[in-house]
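Presented below is the structure to which this report refers.
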Amino acid sequence: MVKQQVLESYLVELPEQAMALLNPLRAEILGRLTEPASAAELAREINEIPQRVNYHLKALEKVGLVRRVGTRQVRNLVEVLYQAIARTYILSETLNWPKETVDRIKDQGSLSHLVTAAERIKRDALVLLEKSDQQEEIPSATLDALIRLGSSEQRSAFVQEYVQLVNRLVEKYQSADTGAASYQVVLALYPKPVQGGEEQ
């Protein structure tokens, strides 16, 4: 398998790439492909038919949002491994799409990223819990808050200020010592679900 660099963000300027992001399943597949995976693996993760996942993978590959990074032998089959070109996607203003369409793509991309981030946190937490069981001290912190936002304008303003504040904190406390301990910081904002799958 060829080790490929995954960009932190990618500017989407081609209409065909932006159209691919409109599809919720393709957006979810992209969100899960920050690490190489096969169509069969992805199908198990999202409870889908492998053939359907494979169809969407090929569509994403055709527009340049995923790439083949290798193969592996699984029993008597050879699986193709795919990887996304980036972790997040930014829509270029040159697309001149209606604001509602752009907002829809952004929301879907954020939700896919949220699922990926949640799975990474769970995986990392299990590893750290094992170390904690071995009497190793594991410093960590969690913040959980609920905020009521009256409009989409308030939501956008909150997110912008939220990101600015966190960036200032990161810059303030970022150590120049490359040997210093590294800590993962993940922040998320999403509608609070209520029973029945509706949003509160």
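At a glance:
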item: Ranked order, Asp133, Asp144 - accessible area, probe 1.4 Å, largest first; result: Asp144, Asp133
item: Most to least accessible of Glu100, Glu35 (protein chains only, probe 1.4 Å); result: Glu100, Glu35
item: Sulfur and carbon atoms: percent of accessible area, the range 2-74 [1.4 Å]; result: 52
item: Sites Gln5 and Leu143, calculated FRET efficiency, Cβ-Cβ separation with R0 35 Å, nearest 0.05; result: 0.65
item: Label-point gap, in nm, between Ser152 and Val78 - each point 7 angstrom along Cα→Cβ; result: 4.8
item: Amide H within-cut-off set for Leu11, under 5 Å, with H built and near neighbours excluded; result: Ile90
item: Extension gain from Leu187 to Leu126, taking 0.36 nm per residue of separation minus the Cα-Cα distance; result: 20.0 nm
item: Highest average packing first - 60-73, 167-180, Cβ atoms within 10 Å; result: 60-73, 167-180
item: Residues whose placed amide H lies under 5 Å from that of Val63, excluding near-sequence neighbours; result: none
item: Highest to lowest packing among 42-50, 18-26, scored as the average C-beta count within 10 Å; result: 18-26, 42-50
item: Net lengthening on full extension, Gln174/Val159 (0.36 nm per residue, minus Cα-Cα); result: 3.2 nm
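The values are calculated or read from the model by the stated rules, or taken from the named source; none is laboratory data. Note that this is a predicted model, so its numbers are computed, not measured. Glycine gets a Cβ as well: all are built from the backbone with ideal geometry, and neighbour counts include every protein chain shown. For the accessible areas, the whole protein counts, side chains as well, though only heavy atoms, and no ligand, DNA or RNA atoms are used. Shrake-Rupley method; radii C 1.70, N 1.55, O 1.52, S 1.80 Å.
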